[in-house]
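Asks: First, the structure itself, so that you have it in front of you.
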Amino acid sequence: MGENVWHKIQYVYSTCLLIFSSVIVMALIFSENTKVAADVHPAFAFVLIWVALIWLSMVEGGQASLVGLPPIDRDLYKESHPITHQICEIAHKGDNLNRYLMGRQFMVLALVFTTNMCGAPLENADVLGLPTIVNKIFLDSGMAMFFMAAMIGQLAAQVNASRCMLDYINTHFMTFTLYVANAIEASGLLHASYLIQSIFGLLGSPTESFEPPRTGMTLVLHWARVAMSVAILAFAFAVTLSALFQGKTTMWESVPGFAAVILFFVFMSIVGMLEGMQIAFFAVAKMTPEERATRPWAKRTCDLLFGGSGRNLPGFMVGRQMCVTLCFFIIARVTTVKLEDGETNIFGVSNQLQEFFNTGLLGAIITTIVGSITWQLAASAFPLAFLSTPITYVLLRVCLFLEATGLCSGSWVIAKIHKAFAHFKFDEVYVGTAEERAAKKHKDGDYNVKPGHMYPGVPVMPPTTEYKFTLNEIDTLQAELKEHKQEIEERIRQLENQRLRLTSGAPPEQKDKTDNV
């Protein structure tokens, strides 16, 4: 009972933090105290930040659904969820899921950077007459934007999508998101990642592709895009590092240039470790205890992760997302170029190109490739080695601590409101549990980490540990099954009425009367 009360207290104060953060960010925008609001118009900044947050929620929720659905036989939801089925037919073909996740990774960074430009305060911004200390905590530090992005754009989406995968992506909004992510990957912007993938292959972990080897012109175009991507990445590094050393970014003025560069690489490394840990955890969970025991730190880390009565695993996922999002906003502040009046453009480029530098997208490219995808590929290639350092253990402890604070518990409130509004139901309502599917000759497929791939992205409990429903989840599932049963019975009644009309020769004008009997 005491624990339940504590969770309710966390929901309340976290939701209050979210509401307060949202109010002061909107006040910043309408007082023209953010970059986009000042340079364009407050109304544009208002619309853009909410579009970015809503799209971010689909990108994050879409990942959870697409990564979780491959083991389930698609024929089970072909009729009930036609859009989800169509999306999975595309995303789960060959290496397409890997392509989606690569494009999706850039989308997350781009959307976070966009919300930062729309909602981050300009220098010496002051709104609603708040005390200086409150401004420093929520505005200058970026915590207000962090709470909005983490709870609205990421965690709430992941909460719903992890249990309602079928309903969550059964919309053409997800179809559009899938196409955009695939287009980003196809553009070659991130193809430097494939060079890194090949390097890991040469180091002893060859990529296990689901497609035949590239040949002829396809091979030539692939490596041409790799070369283009490497050139873009090198240019992005040159611009960003030059701006950092010259103090021409939105980094806090008190931080000298060399320290900003160090922080840039430190926070990118933290993001990379956290991105790779979830893949490494999944891979190591499939290993035997004896295999894990060969690496003391890996064993210690896994024992902690899969302990805590099963609560440490979801706790890590929540804390990891909090930590990654916070690092994203710090990286956005570190890498976004900003010139004071009278300062010369970076490398003497034109004003138009300098404006592009100022968007921070170059920093997003660097973070996507070097601070995220590279580490995920390393974790999938060498999972046990990835976890065999005290750094992963420390980061796991940090993530569990962040989750325990309850600072982002408001995401569960947002998720519950969204679930009710969108009428999401647990996947078990439509396709049953894994045991029920197996009994009906629809056993889930094997789904292991493949070297050179960035999925599965969500770790699972070890094979010896069965998932156990909480009391609240059982009550929810019972209610949803009863509701679904009523819907099915109503549909059967309508079909029976149609059948009676056809066999009795009832005229069309009696249709409505018959249906309402």
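Read-outs: derived from the displayed coordinates by stated rules, not from any lab. None of these values were measured; they are calculated from a predicted model. In this analysis, Cβ positions are derived from the backbone assuming ideal geometry, glycine residues included, and neighbour counts consider all displayed protein chains.
Asks: If you take the square roots of the eigenvalues of the alpha-carbon gyration tensor of segment 183-303 and sort them as a ≥ b ≥ c, do you get rounded (a/c under 1.5), prolate (a/b over b/c) or oblate?
Replies: Oblate.
Asks: I would also like to ask the following. So, counting K/R as plus one and D/E as minus one, what does the shell of residues with Cβ under 10 Å around THR249 add up to?
Replies: +3
Asks: Another question, then. Over segment 1-100, what is the relative contact order in whole percent, taking alpha-carbon pairs under 8 Å and six or more residues apart?
Replies: Here the relative contact order equals 13 percent.
Asks: A further question on this structure: Gain in length, PHE20 to ALA438, computed as 0.36 nm per residue apart minus the alpha-carbon separation, to one decimal in nm?
Replies: On the way: separation 418, 0.36 × 418 = 150.48 nm, distance 4.78 nm.
Contour length minus the Cα-Cα distance gives 145.7 nm.
Asks: What does the C-alpha gyration tensor say about the overall shape of segment 1-60? Classify as rounded when a/c is under 1.5, otherwise prolate if a/b is larger than b/c, or oblate.
Replies: Since a/c reaches 1.5 but b/c is at least a/b, the shape of segment 1-60 is classed as oblate.
Asks: Quick check: net charge around GLN154, other residues with Cβ under 13 Å of its Cβ, Lys/Arg +1 and Asp/Glu -1? Kindly include the intermediate steps, with their values, before the conclusion.
Replies: Details: positive: ARG104, ARG320; negative: GLU60.
Once all neighbours under 13 Å are counted, the net charge is +1.
Asks: Is the shape of segment 127-187 best called rounded, prolate or oblate, per the rule: a/c under 1.5 gives rounded, else a/b larger than b/c gives prolate, else oblate, with a ≥ b ≥ c the square roots of the Cα gyration tensor eigenvalues?
Replies: Prolate shape, in that a/c is at least 1.5 and a/b is the bigger ratio.
Asks: Here's something else I'd like to know. Quick check: residue separation of PHE173 and ARG397 times 0.36 nm, minus the Cα distance between them. What number comes out in nm?
Replies: Numbers: separation 224, 0.36 × 224 = 80.64 nm, distance 3.64 nm.
Working it through step by step, the gained length comes to 77.0 nm.
Asks: May I ask for the net charge around LYS425, where only other residues with Cβ less than 14 Å from the Cβ of LYS425 are counted and Lys, Arg are +1 while Asp, Glu are -1?
Replies: -3
Asks: Based on the Cβ-Cβ distance from PHE235 to ARG501, what FRET efficiency comes out when R0 is 56 Å, to the nearest 0.05? Before the final figure, lay out the partial values.
Replies: Numbers: r = 69 Å, r/R0 = 1.24.
Once the sixth-power term is evaluated, E becomes 0.20.
Asks: So, one more: Whole-Hz ³J(HN,Hα) for each residue in segment 323-336, computed from phi via Karplus 6.51 cos²θ - 1.76 cosθ + 1.60 with θ = phi - 60°, x for glycine and proline: what do you get?
Replies: Taking θ as phi minus 60°, the curve returns 5, 5, 4, 4, 5, 4, 5, 5, 4, 4, 5, 5, 9, 6 Hz for segment 323-336.
Asks: So if each residue of separation counts as 0.36 nm, and I subtract the Cα-Cα distance between ILE262 and SER242, what length gain in nm does that give?
Replies: Full extension from ILE262 to SER242 adds 5.9 nm.
Asks: Counting only C-alpha contacts under 8 Å and six or more residues apart, can you give the relative contact order of the chain as a whole percent?
Replies: Values: 692 pairs, mean separation 121.8, N = 517.
Normalised by residue count, the contact order of the chain is 24 percent.
Asks: Using DSSP loop states and a limit of at most 10 other Cβ atoms within 10 Å to flag trypsin sites (Lys or Arg not before Pro), what is the longest stretch of the chain containing no flagged site?
Replies: Segment 1-440 is the longest.
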